[in-house]
Structures are given as structure tokens and as C-alpha cells.
1. In the range 218-235, what residues are among the aliphatic types (A, V, I, L, M) and buried (at least 21 other Cβ atoms within 10 Å of the Cβ)?
2. Being in contact with a helix residue (DSSP H, G or I) (Cβ under 8 Å, 6 or more places away or on another chain) and assigned to a loop (DSSP other than H, G, I, E, B) is the filter; apply it to the range 127-183 and report the residue that is nearest to PHE326 (Cα to Cα).
3. Which strands (runs of 3 or more DSSP E) does the range 1-41 wholly contain that include 3 or more residues that are farther than 14 Å from ALA99 by Cα?
4. Can you tell me which residue is farthest from LEU300 (Cα to Cα) among those in the range 247-265 that are of a type outside the set (Phe, Trp, Tyr) and crowded, with 17+ Cβ neighbours inside 10 Å?
5. For the range 245-329, please list each of the strands (runs of 3 or more DSSP E) lying entirely inside it that holds at least 1 residues being under 19 Å from ALA155 (Cβ atoms).
6. Kindly indicate the residue of the range 90-132 that is among the polar types (S, T, N, Q) and under 30 Å from GLU207 (Cα atoms) and also most open to solvent (accessible area, probe 1.4 Å) among those meeting that condition.
7. Please state which of the following conditions SER210 fails to meet, knowing it meets all the rest: (1) among the polar types (S, T, N, Q); (2) outside any strand (DSSP E or B); (3) at pLDDT 90 or above.
Amino acid sequence: MYAIGLDIGYSNLKLAAGELGGAPKVLVCPAGAGPEERLGLAVAGLRGEDPAVTVILEGTPWAAAVDPERFEGWQRTLHADYPASAPYRALFRAALTLAEADTVDQLVTGLPVAQALDAGPRERLRQALTGRHPLVPGRVVEVRAVAVLPQPVGAFVEALWSAREGALLDRLEAGAVLVLDAGFFSVDWALLVRGELRREASGTSLEAMSVVLERAAVLLAHERGGAPAPAALERALGRDAGHVLLRGERVELAPYLEEAARGVAPVALEALLAALRRARVNLDLLLLAGGGARYYAHALRERLPDLPLVTATEPVTANARGFFGFAHG
């Protein structure tokens, strides 16, 4: 039985793939996708970018799993109907290419909580990903079964599988756990009580890392001049560079991102806290995941100071690894 845990985000493509019962192959790639002809021309002798994955969409070669900034004259997709877009389809086919299997018995993926709790978007995505998918001429991959979950459920399952014993495992299995998944386009949260999702206390906010990066770029411009692009900050974060070039000088990002997050995170958390108040549940654990987890931790700790807080060991890939674990049943 071959399974894929797939998390196609706006910033990164994450997948965990392999035979059930074994350790999956885990990959993280940039989530850029566009017609191959729009890629910038590589110059020999300079340090190259990661190679693009070529797939065919409606007869046209597309480059996928590359830095979005590498495309010329191509607008990046950033809206709520992302799963229905051509870039999403290209990234999905790139994931099948990278998984290196001709048949996928079970594919598990996620949607933002607000969409995943709606049967319409959930079923449309399930149908779109199920079946035979041509990647390039002569290569077709069959996906036999698809499950679509709320994004933070992946991080919860990953934590449950990783916890061996002790207080953490007790809280995950028998307690009320709030999972916060801070992604690029949305911040999602899910409340799980004894392993069951409480829909009324789960939700989505758009005050996510894209907003943090936009605000950080404004702060940089105000203090340093120039016009730093949020995409350049995102690229630096994705490569763990910790700095960005601005007017030829290296500028450390951490102070600007932390200041930006102090203004953005509380807005997202207000909706979360209102949902928790309606649920009237005493929490036992806070679990953070997603690429922006560390920028929301301080605000969450300020508002819920007495609760144990755990960040996923590898927060960027936590959902994908958890989706792979979910495929075990």
C-alpha cells in the first residue's frame, strides 16, 4: 500500500510519501508554478536554482515546485479558490512526479478549516485528485482513494504518532488540544477533544504570514529606504537565510518580522479566542505548526499563559507527515 500525505500551500509544497508501515520520504519545495516559457533564463557559471519539475497541463509544459520569483510576467495565485487553480493542479502533478510511484493507494491532503468543514469544497477537491493523472507524455499515475481533512488535523496526528509516552501523549489522547497552523495565506485552528474534532470551535483567519511579510516590508522600507518585496522576505525565510539583500546590504529579518507579527497575530487570535469561549472547553494543550508558528507563539502565550505549549518538531512538514500517518487508519 503506497500512500502520500500532501500539503500544497501558497508558499511551499510538502509531501510525505512511501509504503505504509515504513518511514516516508519527506520533501519540501517552493510552491511556484507557471508555464515553462515564463521561467527566467539561467546564466551559466552562477549558482543555480533547484531544478523545476515539468508537468503537462492541457498540452502546455508547466514548471512547478520552484521559487515563484523565477517567473516573468506571471501573476502568482493567492486566493481562497486556490485548489481549483491551474498552479495548484501543476503542483499536485509535481508531487506525484516526486513521489515516484505509478499507483497511489491512498492520498490524504487538507484544506483550510473553513473550507474543509464545507462538504462542497471538500468533495470537489476529493474528486479532482482521484483517478488517473497524466504527468508528461508516457507517464500516468493513478490515485485510487483521497481523503480531505482540515489542515491542523495533520499536525495533531503527527504529534500523536511522535509522542511515545508521558504527559504529552496523555494530553493528546485524553485531553482538549488546540492546534494552531500558521500558514502563508491563512491561520487555521482546530479543537480536538479526546481525538474528536469540535467543528464549532475550529476556524480560519486570513491574518497569516502573507500579512506579516507585507507589514515587515513596510517597516523595512520606512527604516532603510528602498522598496523591499514581500516575496523576497518569503524567499529568505524559505531558505532559512535569516537576512535579505536591500540596496546591496544584508539586513537581518528577525526584528522586523517579530515587530510585524506583534501587530498581526492578535487579530487572528481574537477570532480563535471567541470560538473557544463559545465551546466552553478547558484546554489541556496548545500545539503549534506551520511555517509561521514561531511568529504566533508569543501572542498565544500572552493570551493563554498557563497552558502547556508545544511546537511541532518540524512545523513546516507537520501536516504532510500527519496526513501520511492518517492513511494508516
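The values are calculated or read from the model by the stated rules, or taken from the named source; none is laboratory data. Predicted model only: the values in this text are computed from it and were never measured. Note that each Cβ is placed from the backbone with ideal geometry, even for glycine, and that neighbours are counted across all protein chains shown. Just so you know, the surface numbers come from the protein's heavy atoms only, side chains and all, with ligands and any DNA or RNA stripped out. Shrake-Rupley method; radii C 1.70, N 1.55, O 1.52, S 1.80 Å.
1. Those that are among the aliphatic types (A, V, I, L, M) and buried (at least 21 other Cβ atoms within 10 Å of the Cβ): LEU220, LEU233.
2. Result: ALA163.
3. In the range 1-41, 32-35 are the strands (runs of 3 or more DSSP E) which contain 3 or more residues that are farther than 14 Å from ALA99 by Cα.
4. Within the range 247-265, the match that is farthest from LEU300 (Cα to Cα) is VAL251.
5. On the way: elements: 249-252, 285-289, 309-311.
Strands (runs of 3 or more DSSP E) meeting the threshold: 285-289, 309-311.
6. So, considering only residues that are among the polar types (S, T, N, Q) and under 30 Å from GLU207 (Cα atoms), the one most open to solvent (accessible area, probe 1.4 Å) is GLN127.
7. It is condition (3) that SER210 fails.
Rundown of residues vs (1) of a type outside the set (A, V, I, L, M); (2) in contact with a Ser or Thr (Cβ under 9 Å, 6 or more places away or on another chain); (3) modelled with pLDDT under 90, yes/no style:
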site: ALA3; (1), (2), (3): no, no, no
site: LEU13; (1), (2), (3): no, no, no
site: GLY21; (1), (2), (3): yes, no, yes
site: LYS25; (1), (2), (3): yes, no, no
site: ARG47; (1), (2), (3): yes, no, yes
site: VAL53; (1), (2), (3): no, yes, no
site: ALA63; (1), (2), (3): no, yes, no
site: SER85; (1), (2), (3): yes, yes, no
site: LEU91; (1), (2), (3): no, no, no
